[in-house]
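**Q** I have a structure here, written as structure tokens, and I will follow up with some questions on it.
No lab work stands behind these numbers, since they all come straight from the coordinates. Nothing here was measured: the structure is a model prediction, and the numbers come from that model. In this analysis, Cβ positions are derived from the backbone assuming ideal geometry, glycine residues included, and neighbour counts consider all displayed protein chains.
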Amino acid sequence: MPLRARTTATLTQYLIQQRRRFPHASGDFNALILDVAMACKAIAKSVAYGALADLHGNHAADAGGSVNVQGETQKKLDVISNELFIRMNEWGGHLAGMASEEMEDPHPIPEQHPKGKYLLVFDPLDGSSNIDVNVSVGSIFSILRAPEALAEGGPLTEAAFLQPGAQQVAAGYALYGPTTMLVLTVGNGVAGFTLDPVMGEFMLTHPELRVPEDTSEFAINASNSRFWETPVKRYVDECLAGKTGPRGKDFNMRWIASMVAEAHRILMRGGVFMYPRDSKDTNKPGRLRLLYEANPVGFIMEQAGGRASTGRQPMLDVQPTSLHQRIGLVFGSKNEVERIERYHAEPQKFNDHAPLFAERSLFRD
Ligand code: AHG
Ligand code: MN
Ligand code: MN
């Protein structure tokens, strides 16, 4: 019998029920998800203490100030959250390695712990520029199978993680907002859990999340508009033109600067999110990272009936080339994402420049 909201189903019960689809499963996978959920609960607590974290033994004030592999200043809680993910997940015997936004190289499982058959990739704190202003942040994670050579004891390499998003076994995020939520896919739809702060349990509150196929809400950082490519300019212009434009309806706009929070809004009521490839910095083909931002959110969207894309190809088909690779990302309500893909595929008649010099998609992703 499917689990319904308003029952007392916990995350553990949900996972047990999912496992019944695979009578020979060992239970490793469920144990791994529960360890990830434990890390998220610990991060939720650290985030909730805010400026008081120091008073409660989290030593946030000592941990910050270093610079991560993307050359960005790490917020104190980025460091703490990364450590919590590692500490909660390295001992369990389910993982062959981890990789994180906050670590340049993959993190091997220390000698004293048993190794397992999965890889965990994560952004321990997404939207961390919002911490100081007390706006929602989250954690994002993706679970892959370790290649056989690694599962059999071979050395941990970056190459082990370079798997297309379609190969994810599970993906999810925790959102540290007015309530703490965990949203998860194990490849059989998307379920949302709300943390009961008294019980300390994630309770199943949103059993079958679906993204509405149509929307009139979009999210993009419009301060980058002069760097956008023509198809994105066209899409946003048409939304802004509202009832008087070719779309014939008014659109609403949102920008939180926490992708997790935007993904959650879109799961709840539809919408489209864009952080497209642009020309702002030629060394960065997009702002967001493929392995621990675009792929897990892409898997969740697709499992909820939405869509995720680079604009030119389905996100989950992209063959990664490096651990911290950045990529243009569009996700959300299916019909809008497909429209944006069509605009990328069409001859660029809306280019600002003469059509002869219009950018061609042939040589680009
Ligand atoms: P992170 O905090 O992990 O670096 O990610 C922040 C990301 C994402 O959550 C958000 O959508 C985007 O950066 C915001 O970028 P802008 O500051 O350019 O709006
Ligand atoms: Mn992030
Ligand atoms: Mn981050």
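**Q** From the square roots a ≥ b ≥ c of the eigenvalues of the alpha-carbon gyration tensor of the stretch 273-354, which class results: rounded (a/c under 1.5), prolate (a/b over b/c), or oblate? Don't skip to the end; give the middle numbers.
**A** Numbers: a/c = 2.26, a/b = 1.17, b/c = 1.94.
Taking the square roots of the gyration eigenvalues as a ≥ b ≥ c, the stretch 273-354 is oblate.
**Q** Using +1 at the Cβ of each Lys and Arg and -1 at the Cβ of each Asp and Glu in the chain, identify which of 141, 304, 246 lies farthest towards the dipole's positive end.
**A** The Cα lying farthest towards the positive end belongs to 246.
**Q** To one decimal place, what orientation-averaged projected area in nm² is obtained for the convex hull of the Cα set of the stretch 172-243? Don't skip to the answer; put the middle values down first.
**A** Working: hull surface 30.4 nm².
Result: a mean projected hull area of 7.6 nm².
**Q** Step through the table entries 115/284; 76/280; 41/280; 45/284; 76/334; 243/334, compare each Cα-Cα distance with 25 Å, and write down the pairs that go over it. Mind dumping the intermediate values first?
**A** Numbers: 115/284 35 Å; 76/280 27 Å; 41/280 36 Å; 45/284 33 Å; 76/334 37 Å; 243/334 21 Å.
Pairs exceeding the cut-off: 115/284; 76/280; 41/280; 45/284; 76/334.
**Q** Between residue 133 and residue 199, what is the label-to-label distance in nm when each label sits 7 Å out along the Cα-to-Cβ direction?
**A** 3.6 nm
**Q** Still on this structure, please answer the following. Relative to the Cα centre, what is the charge dipole magnitude of the chain, using +1 at the beta carbon of each Lys and Arg, -1 at the beta carbon of each Asp and Glu, and rounding to the nearest 20 debye? Working shown, then result.
**A** On the way: 37 positive and 42 negative charges, 227 e Å.
Roughly 1100 debye for the chain.
**Q** Based on the alpha-carbon gyration tensor of the stretch 11-206 and its eigenvalue square roots a ≥ b ≥ c, which shape applies: rounded if a/c is under 1.5, prolate if not and a/b is larger than b/c, or oblate?
**A** Details: a/c = 1.87, a/b = 1.21, b/c = 1.54.
Note, shape of the stretch 11-206 comes out oblate.
**Q** Taking every pair of alpha-carbon atoms in the stretch 217-357, give the share separated by more than 26 Å as a whole percent.
**A** 19 percent
**Q** So between residue 112 and residue 250, what do we pick up on full extension, going 0.36 nm a residue minus the alpha carbon distance? It would help to have the intermediate numbers written out before the result.
**A** Values: separation 138, 0.36 × 138 = 49.68 nm, distance 5.91 nm.
Between residue 112 and residue 250, full extension yields 43.8 nm more.
**Q** Give me log10 I(q)/I(0) at q = 0.07, 0.09 Å⁻¹ for the chain, Debye formula, one equal scatterer per alpha-carbon, no solvent.
**A** Rounded to two decimals, the profile gives -0.30, -0.50.
**Q** Which one, 121, 286, 216, projects farthest toward the positive side of the charge dipole computed for the chain from Cβ point charges (K/R +1, D/E -1)?
**A** 216
**Q** Once both axes come from the Cα atoms, what is the angle between helix 334-345 and the longest principal axis of the chain, in degrees from 0 to 90, rounded to 10?
**A** Between helix and principal axis, roughly 50 degrees.
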